[in-house]
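The values are calculated or read from the model by the stated rules, or taken from the named source; none is laboratory data. For clarity, every value in this text was computed on a predicted model and none was experimentally measured. As a convention, Cβ positions derive from the backbone with ideal geometry for all residues, glycine included, and neighbour counts pool all protein chains shown. For accessibility, only protein heavy atoms count, side chains too; no ligands or nucleic acids. Shrake-Rupley method; radii C 1.70, N 1.55, O 1.52, S 1.80 Å.
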Amino acid sequence: MSARPCLVVVGDPAGRRVAFFQDALRAAGLPEARAVSWPEVLRGTARFAAGEIVRLDSPGEDPEADRLLRGVDDPSRVEGTGRWYERFIAAAADLGRTVAASGASLVDDPAELAVLFDKRLGHGLLDTAGVPVPESPTSGPGAPAVRGWADVRELTARSGLRRVFVKPAHGSSASGVLALETNGAGRFQATTSVERGPGGRLFNSLRVRRYAREEEIAAIVDALAPDGLHVERWLPKAAQDGRAADLRVVVVDGRATHAVVRTSRSPMTNLHLGGARGDLAAARAAIEAAGGRWEDALGVCERAAAAFPGTRCVGVDLLPGAGWRRFAVGEVNAFGDLLPHLTGLPGSGAEGLDTYGAQIAAQFPDHRLARETPGPGDRSARPPRETQDPGAPTGLPHPSAPTGLPPHAAPDRSTPTGRQPYEAPGPVAPSDHPPYEAPDRSTPTDHPPHKTPDPGTPTGLPSHVATGSRTRTTGTSTT
């Protein structure tokens, strides 16, 4: 057995993510990781030692990190995602240099976070890689910037898109997202969790609501635009029990290990917005009844993850089309592994493990709990995934390949861990983000603190009934 690793996790030491990771370490017989908070990183006080292996996790559950990154007075505010992105990406780059200089190593390549947390860049990268994605007029680095409602109107009209999602480019957890539709005759309707407050300020809410007046929709879009916006076609989704359905699929070292179906009566299926976990077996059966194969659906997710070879684990949002015949990738989430109590898919190598346990089993195969099933990164005892004829109607065709999905080519994972930890980055371009200035917190906020929705509350959001609660915004990547 190899030497016991010295692990560090950068995240929220008091948060759920770090707790789940520590639980998984203990279950694998490994020592707990040393926890470093994001505020320590952002203030430049985090220190690392030679030989340590450093994992980055989300700063999203840490209110102090949120204040440092976004500079807003209330964690339920929507605005500030552009500043959050600049400061977070710069901090991750600085962290990479600090870790390398200390003789430690990072599990993941921090440079990929710049694409994972920009929906426009992520969409463009997936599209270039041949991964099926919704049509978008803002995809890629050369796409036009969206400066406000007038640009959204023009882009959608020019593209002939009557139903689109308008998303903050650097947002997560459906924060600030609008499901926008028009009749083509000048009438618009937007479905969103955004609540307009005094002075035009925007807040995240647990209530999904509709805005039918164009001036209200325009005001929201204009307020969001300075942080950057991404626009993409609103694809008609498959249904399960009369509710719109999609999937979050976790991919570890290139292998799809966990999947959950999310259903909702609203366009947003996020669980904190009234979505509910659906029936995975029923979804698989629906795919097969439509002439498709579950393996091909997972293959789409693995191809999406392969676009980020330096990131060990991602959460892929898979959008099944109406009838469960075709699939597209909504986005790839850097911190998309927060799926409590969900165990691995049969045949994935992660059976009986949660998402954190699967990552540990893949990274440290010599320390896995004694069991016959190989870990996700160990394919020696498992045949490769087979995919069917690319002409079969199992995936949303790439624009340049209208006959169907291109063949799935699984990434090379012949080594037990798939790749070595990220080490010693080269020179990183200096960031042009503004220096951090601590916000004034002498005045109490005028909104209640975030409360995590009770998982025992009734699922579904009937007729967009209000819950009256506001919720935290970026960086959480909750499902």
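Kindly establish whether residue 320 is surrounded by fewer than 18 Cβ atoms within 10 Å (Cβ to Cβ), touching a residue at least 40 places away in the same chain (Cβ under 8 Å) and not basic (Lys, Arg).
Numbers: surrounded by fewer than 18 Cβ atoms within 10 Å (Cβ to Cβ): no; touching a residue at least 40 places away in the same chain (Cβ under 8 Å): yes; not basic (Lys, Arg): yes.
Spelling it out, it is not the case that residue 320 is surrounded by fewer than 18 Cβ atoms within 10 Å (Cβ to Cβ), touching a residue at least 40 places away in the same chain (Cβ under 8 Å) and not basic (Lys, Arg).
The rows are residues; the columns are (1) surrounded by fewer than 22 Cβ atoms within 10 Å (Cβ to Cβ); (2) under 20 Å from residue 335 (Cα atoms); (3) in contact with a helix residue (DSSP H, G or I) (Cβ under 8 Å, 6 or more places away or on another chain).
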residue: 89; (1), (2), (3): yes, yes, yes
residue: 103; (1), (2), (3): yes, no, no
residue: 106; (1), (2), (3): no, yes, yes
residue: 111; (1), (2), (3): yes, yes, yes
residue: 117; (1), (2), (3): no, yes, yes
residue: 121; (1), (2), (3): yes, yes, yes
residue: 138; (1), (2), (3): no, no, yes
Legend entry - Test for residue 269: is it among the hydroxyl-bearing types (Ser, Thr, Tyr), part of a loop (DSSP other than H, G, I, E, B) and either out of contact with any Pro (no Cβ under 7 Å at 6 or more places or on another chain) or open to solvent by 20 Å² or more (accessible area, probe 1.4 Å) (or both): yes
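Conditions (1) assigned to a helix (DSSP H, G or I); (2) in contact with a helix residue (DSSP H, G or I) (Cβ under 7 Å, 6 or more places away or on another chain); (3) among the hydroxyl-bearing types (Ser, Thr, Tyr); (4) at pLDDT below 95, marked per residue:
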{"site": "330", "(1), (2), (3), (4)": "no, no, no, no"}
{"site": "335", "(1), (2), (3), (4)": "no, no, no, no"}
{"site": "341", "(1), (2), (3), (4)": "no, no, no, yes"}
{"site": "344", "(1), (2), (3), (4)": "no, yes, no, no"}
Legend entry - Residues that are at pLDDT below 95 and acidic (Asp, Glu), drawn from region 251-291: none
Legend entry - Among (1) under 20 Å from residue 264 (Cβ atoms); (2) open to solvent by less than 50 Å² (accessible area, probe 1.4 Å) - the single one residue 163 does not satisfy: (2)
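Of all residues in region 125-140, how many are of a type outside the set (Asp, Glu) and touching an Asp or Glu at 6+ places or on another chain (Cβ under 9 Å)?
Filtering region 125-140 down to residues of a type outside the set (Asp, Glu) leaves 125-126, 128-134, 136-140.
Still in the running and touching an Asp or Glu at 6+ places or on another chain (Cβ under 9 Å): 126, 133-134, 136-140.
Within region 125-140, residues that are of a type outside the set (Asp, Glu) and touching an Asp or Glu at 6+ places or on another chain (Cβ under 9 Å) number 8.
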Legend entry - Selection from region 336-366 of residues that are in contact (Cβ under 8 Å) with a residue 60 or more places away in the chain, more than 14 Å from residue 107 (Cβ to Cβ), open to solvent by 10 Å² or more (accessible area, probe 1.4 Å) and over 21 Å from the mean Cα position of the chain (by Cα): 366
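Within the group 110, 31, 5, which residue is without any contact (Cβ under 8 Å) to a residue 40 or more places away in the chain, farther than 19 Å from residue 338 by Cβ and touching a Pro at 6+ places or on another chain (Cβ under 9 Å)? Spell out the reasoning first.
Numbers: 110 fails: without any contact (Cβ under 8 Å) to a residue 40 or more places away in the chain; 5 fails: without any contact (Cβ under 8 Å) to a residue 40 or more places away in the chain.
Going through 110, 31, 5 in turn, just one is without any contact (Cβ under 8 Å) to a residue 40 or more places away in the chain, farther than 19 Å from residue 338 by Cβ and touching a Pro at 6+ places or on another chain (Cβ under 9 Å): 31.
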